[in-house]
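The values are calculated or read from the model by the stated rules, or taken from the named source; none is laboratory data. Keep in mind that what you see is a predicted model, and the values were worked out from it rather than measured. Neighbour counts run over all protein chains shown; Cβ positions are idealised from the backbone, glycine included. Note: accessible area is taken over every heavy atom of the protein model, side chains too, but ligands, DNA and RNA are not part of it. Shrake-Rupley method; radii C 1.70, N 1.55, O 1.52, S 1.80 Å.
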Amino acid sequence: IIAALAPRARVLDAQVFDARGVSAPVVVAAGLEWLIRHNAHLVNMSFGLIEDREVLRLACERALKAGVVLLAATPRRGRRVFPAAYSGVIRICADGRCGHKDVSAFGGNPADFGACPLSLSRYTYVRAGGTSYAVADATGIVGAWMSERHSAGSEEVYAYLSSVARYSVQRRDPADSAGSAKG
């Protein structure tokens, strides 16, 4: 998905998951360190852990300090997950309204943005999907944009995604008993 949406981006693959899709936070942290050493500008983290892990948090902090933009999977509602819950990480959820190259702006906890949750196979839809695909889709969108803007940081990426959002969800005021959107 990333390579299809950002064909001019240089892709680094820090393989941190085994064939079963299992990894340990220390392995993911080592992958982030490897990406920092290889001058990655943008990292796709299509996963979420229920519990905070210090080794992963510290690796994300080092990546952000090095100017790396981090996009991570989060549910649209409910419990926060890591690394998406770490400060500075851009949180992506699945949004079925989005097609490839579309984003939605949620502007808050637990999701900042939504993207297409479907796989991409030669630019046709396949029935598999979910939040991991949405993060890859958002990473491809950002990767294409960053191909011309290598020095863009998290704030610029956030502003860019906000500016191109096809859908925008306004936050609800909990004090509003009618439940209508404010704004």
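Here are some notes:
- Residue-span extension gain [S162 to R8] - 0.36 nm each, minus C-alpha spacing: 53.2 nm
- Pairwise Cα separations in the stretch 41-90 fall into 5 Å bins from 0 onward with the following percentages, short to long: 5, 24, 34, 25, 10, 3, 0.
- Cα long-axis angle, helix 54-65 against the chain (0 to 90 degrees, to the nearest 10): 90 degrees
- Degrees, to the nearest 10: 131-146 long Cα axis against longest axis of the chain: 80 degrees
- Spin-label model distance (nm) - L49 vs Q15, 7 Å beyond Cα toward Cβ: 2.2 nm
- 12 Å beta-carbon shell around I90, net charge (K/R +1, D/E -1): -2
- Within the chain, percent of DSSP bridges classed antiparallel, to nearest 5: 40 percent
- Residue-wise HN-Hα coupling along the stretch 21-33, computed from phi with Karplus coefficients 6.51, -1.76, 1.60 (Hz; x: Gly, Pro): x, 10, 8, 10, x, 5, 6, 4, 4, 5, x, 5, 4
- Taking every alpha-carbon pair within the stretch 1-40, the share separated by more than 17 Å comes to 43 percent.
- Seen from A159, the other residues with C-beta closer than 14 Å to its C-beta sum to a net charge of -2, counting Lys and Arg as +1 and Asp and Glu as -1.
- Across Y86, Y158, the residue with the most accessible area heads the list, and the full order at a 1.4 Å probe is Y158, Y86.
- Angle in degrees between helix 154-164 and the longest Cα principal axis of the chain, rounded to the nearest 10: 50 degrees
- Estimated inter-spin distance, V169 and E33, nm [label 7 Å along Cα→Cβ]: 3.7 nm
- Calculated from the alpha-carbon coordinates, the chain shows an Rg and a Dmax of 16.0, 52 Å respectively.
- Alpha-carbon Debye profile of the stretch 74-159, log10 I(q)/I(0) at 0.15, 0.20, 0.22 Å⁻¹: -0.53, -0.91, -1.06
- Karplus-derived HN-Hα couplings along the stretch 112-117 (A = 6.51, B = -1.76, C = 1.60, θ = phi - 60°), whole Hz, x at Gly and Pro: 8, 9, x, 8, 4, x
- Take the chain with all the other protein chains still there, run a 1.4 Å probe, and you get 55 Å² of accessible area per residue.
- V22 paired with S151, simple spin-label distance in nm, labels 7 Å along Cα-to-beta-carbon: 4.6 nm
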